[in-house]
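Below you'll find the structure, written out as structure tokens, and then a few comments.
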Amino acid sequence: MIDQIKERYINPYTDFGFKKLFGTEVNKDLLISFLNALLEGQEKAITDIQYLNSEQLGNGYSERRSVFDVYCTTEDGSRFIVEMQKAPQPYFKDRTLYYSAAAIQKQGQTGEWNYCLSPVYAVSVMNFNFPHDEYPDDAPKHVVQLKDVEDNHVFYDKLTFIYLEMPKFNKTDAELVTMFDKWMFVLRNLSRLMERPVALQERIFTKIFEQAEIARYTPEEYQNYEESKKVLWDNYSTLEYAVETGRKEGRAEGRAEGRAEGRAEGRADVARQLKAMGMALSDISKATGLQESDIEQL
């Protein structure tokens, strides 16, 4: 069965893929490197982490739609929630706030306590963009903290949200400069690669390509990956969401031109989502009706 594999490396947008690369003790150096790339120039480097039980993040965890959550603490006590979010949701921001608040509340102590908290970071790797063009197309990373609306100073620096709009990262391997660039490239393109790009020569990327190579997996691991992939591809709520949004926008125009434009934009949105997930261009073309040449330009 493994000999019939068409892809060489796993898709990190799958539950299995994200957990394999970032959620295991043997690969915690991968997570450390990724977090340091996100925080470069903002915080001191992380040298070690301890995984925590992600089920502590609140009731209803098993019903959540995220692919996988990693919950860990660093040597200075900072808490990190790392979430791979594969589909847009109406109250996505509320959700990230809710779970970060749960990580804060879990720090409470019985008896006498002065309420001194450790920092909490909520990292969302988003396989979609924020709606309504909230951020520019060339800005995939957003760091959010509580600020005073009058003078814009940071009011509280122990709660930080980092949002990564993955569809907006379109650098080629020849354009990669920083470790952040390189990690974004790996997350966005890993399942579509057949060889490790020359730009990714650091030791940490040697390991990630070794850990991601499907041919190295046991039959059980391969089966688990295939099942995880099916869950990802079955996430057609993304397709229906984007198409219906496009249709509504078109109908709101009240003209045939507006309807056509809305439907076209809806199909383009879907194609972007599926392309980011690593789906083959031929399959995306079948799902959306777009030409493969047009999909390559998205």
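The values are calculated or read from the model by the stated rules, or taken from the named source; none is laboratory data. Keep in mind that what you see is a predicted model, and the values were worked out from it rather than measured. Glycine also receives a Cβ, built like all others from the backbone with ideal geometry; neighbour counts cover every protein chain displayed.
Need the failing condition index for Ile208 against (1) surrounded by 13 or more Cβ atoms within 10 Å (Cβ to Cβ); (2) at pLDDT 95 or above; (3) closer than 19 Å to Ala139 by Cα; (4) not charged (D, E, K, R), just the number.
Failing condition for Ile208: (3).
Before we move on, is Gln89 closer than 26 Å to Asp234 by Cα and surrounded by fewer than 21 Cβ atoms within 10 Å (Cβ to Cβ)?
In short, yes.
Tell me yes or no: at least one residue of the stretch 270-288 is of a type outside the set (Val, Ile, Thr), outside any helix (DSSP H, G or I), within 26 Å of Phe185 (Cβ to Cβ) and at pLDDT 80 or above.
No.
Could you run through the stretch 227-239 and say how many residues are farther than 16 Å from Leu21 by Cα and modelled with pLDDT of 60 or more?
Number of matching residues: 7.
Could you pull out the residue among Asn114, Asn127 that is without any contact (Cβ under 8 Å) to a residue 12 or more places away in the chain and either surrounded by fewer than 21 Cβ atoms within 10 Å (Cβ to Cβ) or in the same structural domain as Arg188 (by TED's automatic domain parsing) (or both)?
None of the others qualify; the one that does is Asn114.
Of all residues in the stretch 1-57 being modelled with pLDDT under 85 and among the β-branched types (Val, Ile, Thr), which is surrounded by the fewest Cβ atoms within 10 Å (Cβ to Cβ)?
Result: Ile2.
Is it the case that Met179 is in the same structural domain as Ala87 (by TED's automatic domain parsing), out of contact with any Lys or Arg (no Cβ under 9 Å at 6 or more places or on another chain), on the phi < 0 side of the Ramachandran plot and among the aliphatic types (A, V, I, L, M)?
Here the answer is yes, as Met179 does meet what is asked.
Regarding Glu175, is this residue surrounded by fewer than 20 Cβ atoms within 10 Å (Cβ to Cβ), without any contact (Cβ under 8 Å) to a residue 24 or more places away in the chain, touching a helix residue (DSSP H, G or I) at 6+ places or on another chain (Cβ under 8 Å) and among the acidic types (Asp, Glu)?
Yes: the conditions hold for Glu175.
Given Tyr135, Tyr121, which one is touching a strand residue (DSSP E or B) at 6+ places or on another chain (Cβ under 7 Å), hydroxyl-bearing (Ser, Thr, Tyr), more than 21 Å from Asn36 (Cα to Cα) and surrounded by 12 or more Cβ atoms within 10 Å (Cβ to Cβ)?
Tyr135
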